[in-house]
Each structure stands twice: as C-alpha cells, then as structure tokens.
Amino acid sequence: MPITRGAKKAIRVSERKRVFNERRKRAMKNAEKEMRKLIEAGKAKEAEAKLADTYKAIDKAAKRGVIKDNTAARKKSRIVRSIQKTKA
C-alpha cells in the first residue's frame, strides 16, 4: 500500500488514466471490428464511408499514447489496402 501522500495521489491518477485509456482502446478496436466485418462481407462502399470514423478512433488512441504512432500508421495502411483488395 502507498504510504506517502504523493504515492496515494499517483495511484488515483493512474487509475483514472487507465479508465480513459481502456475506453479509447475499446473504441478503436470496435471501429476496427466493424470495418473488418464490412470488408469480409464485400461491402467496399460502406467500408469507405466508415473509413473516416475508424481513422479518427485510431488517431485518438495514438495521440493519447494508447498505441504508438507507427502502430497507428500500420493499422490504417492495412485497412485501406484490404478495402482496395475488396474493390478489385
């Protein structure tokens, strides 16, 4: 258990940040799942319409440090590539 006042505050702060990070990560994963379902169903037009929302969720997660910048870029690249593969 924390003993000093600063250590107690650090635990409170880290718990609050954990909640926000989990929420951001869940939003990103849900957006990716929806996109993957659309792509697997062959609905390229609808996937392109949802692309902005998915990018937004990924970028927010990267901005807050939930995922790294290169991970965000890789996820976005793979999504676009799979949409283009579905079109062809």
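The values are calculated or read from the model by the stated rules, or taken from the named source; none is laboratory data. Nothing here was measured: the structure is a model prediction, and the numbers come from that model. Virtual Cβ from ideal backbone geometry, glycine too; neighbours counted across all protein chains shown. Side chains are part of the model used for accessible areas, which takes the heavy atoms of the whole protein and leaves out ligands, DNA and RNA. Shrake-Rupley method; radii C 1.70, N 1.55, O 1.52, S 1.80 Å.
Residues are listed down the side, and each one gets a yes or a no for (1) over 16 Å from Ser82 (Cβ atoms); (2) open to solvent by less than 90 Å² (accessible area, probe 1.4 Å); (3) touching a Leu at 6+ places or on another chain (Cβ under 9 Å); (4) among the aromatic types (Phe, Trp, Tyr):
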| site | (1), (2), (3), (4) |
| --- | --- |
| Glu15 | yes, yes, no, no |
| Arg18 | yes, no, no, no |
| Arg26 | yes, no, no, no |
| Asn30 | yes, yes, no, no |
| Met35 | no, yes, yes, no |
| Glu40 | no, no, no, no |
| Ala44 | no, yes, yes, no |
| Lys50 | no, yes, yes, no |
| Lys63 | yes, no, no, no |
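Pairs linking a residue in segment 1-23 that is free of Cβ contacts under 8 Å to residues at least 60 places away in the same chain and among the charged types (D, E, K, R) to a residue that is surrounded by 11 or more Cβ atoms within 10 Å (Cβ to Cβ) and in a loop (DSSP other than H, G, I, E, B), with Cβ atoms under 6 Å and 6 or more positions apart or on different chains, are Lys8/Pro2. Residues in segment 20-56 that are among the aliphatic types (A, V, I, L, M) and part of a helix (DSSP H, G or I): Ala27, Met28, Ala31, Met35, Leu38, Ile39, Ala44, Ala47, Ala49, Leu51, Ala52.
Tallying residues that are assigned to a helix (DSSP H, G or I) and either surrounded by 15 or more Cβ atoms within 10 Å (Cβ to Cβ) or in contact (Cβ under 8 Å) with a residue 40 or more places away in the chain (or both) within segment 65-79 yields 4.
Test Glu15 against the stated conditions and say whether it is acidic (Asp, Glu) and within 30 Å of Met1 (Cα to Cα). Judged against the criteria, Glu15 is a match. Summed over segment 52-61, residues that are among the small types (Gly, Ala, Ser) and open to solvent by 60 Å² or more (accessible area, probe 1.4 Å) total 1. Only residues that are exposed (fewer than 11 other Cβ atoms within 10 Å of the Cβ) and closer than 25 Å to Ile67 by Cβ were counted across segment 1-11, and they come to 0.
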